[in-house]
Amino acid sequence: MPLYLVRHAPVALEGTCYGQIDVPTAITAETAIKTVHTHLRTKEPPTRVWSSPLQRCQDLAQAYTDTVHLSPHLMEASFGLWEGLRWDEIHEKFPDKMAQWGANWTETPPPEGESALMVQTRFEKFVGSLTPGVHLAFSHAGIIRAARVVLDAWTWAQAMETPVAYLGLECFTIPTDPPTTKLSQADVS
């Protein structure tokens, strides 16, 4: 079963941790959707369109179609107490927590946030809920990286090394019986 994932448009903000907070995009959804249409023109048309409820995805999805199904499982990783802070502020205010997260980001969440494994589990729940059809979802880099891990058997290290382009399309195939993966230390090296 096909699953197409599209990352939202570039955001109008630099150097700030923004995970699950709403931030404006640098271009309008009406302009951005033209790129998405170009990516999708040779693909099988979606039978169901999904979106993260965050505005940067929802606006894009609604520019694509009037019938959008929102799923919190498609939201970006939560960075908890770090949301809305500049990265240099985070290093200054949370040096120990930043060091712990940096040493094991796959399993250690930011304070009151989510680890990579938590995002992966959330994405697995989304995949497990899908009914047969062609699914298009407007989402975030963290979810697309989780898809690489869950559906394409990448390690988290590989998924993080490969950038996720704004407005980029990544195509996945969901097996009839979607796998549930468990992260081990070997997956991060």
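The values are calculated or read from the model by the stated rules, or taken from the named source; none is laboratory data. Note that the structure is predicted; figures quoted are calculated from it, not measured. Here the Cβ positions follow ideal geometry from the backbone for every residue, glycine too, while neighbour counts run over all protein chains shown. Accessible surface is based on the protein model in full, side chains and every heavy atom, while ligands, DNA and RNA are left aside. Shrake-Rupley method; radii C 1.70, N 1.55, O 1.52, S 1.80 Å.
Take the conditions (1) touching a residue at least 24 places away in the same chain (Cβ under 8 Å); (2) in a helix (DSSP H, G or I); (3) basic (K, R); K34 misses just one of them, which is (1). When residues in segment 36-55 are screened for being among the hydroxyl-bearing types (S, T, Y) and over 14 Å from the mean Cα position of the chain (by Cα), 3 of them pass.
Against the condition touching a residue at least 12 places away in the same chain (Cβ under 8 Å) and open to solvent by 70 Å² or more (accessible area, probe 1.4 Å), how does D22 come out, does it pass? Against the criterion (touching a residue at least 12 places away in the same chain (Cβ under 8 Å) and open to solvent by 70 Å² or more (accessible area, probe 1.4 Å)), D22 qualifies.
Residue-wise test of (1) closer than 16 Å to Y4 by Cβ; (2) modelled with pLDDT of 95 or more; (3) open to solvent by less than 30 Å² (accessible area, probe 1.4 Å).
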site	(1), (2), (3)
T28	no, yes, no
I33	yes, yes, yes
H37	yes, yes, no
E44	yes, yes, no
L54	no, yes, yes
C57	yes, yes, yes
L60	yes, yes, yes
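Taking helices (runs of 4 or more DSSP H) as the structural unit, those lying wholly within segment 70-168 and holding at least 2 residues that are crowded, with 20+ Cβ neighbours inside 10 Å and touching a residue at least 60 places away in the same chain (Cβ under 8 Å) correspond to 116-129, 141-152.
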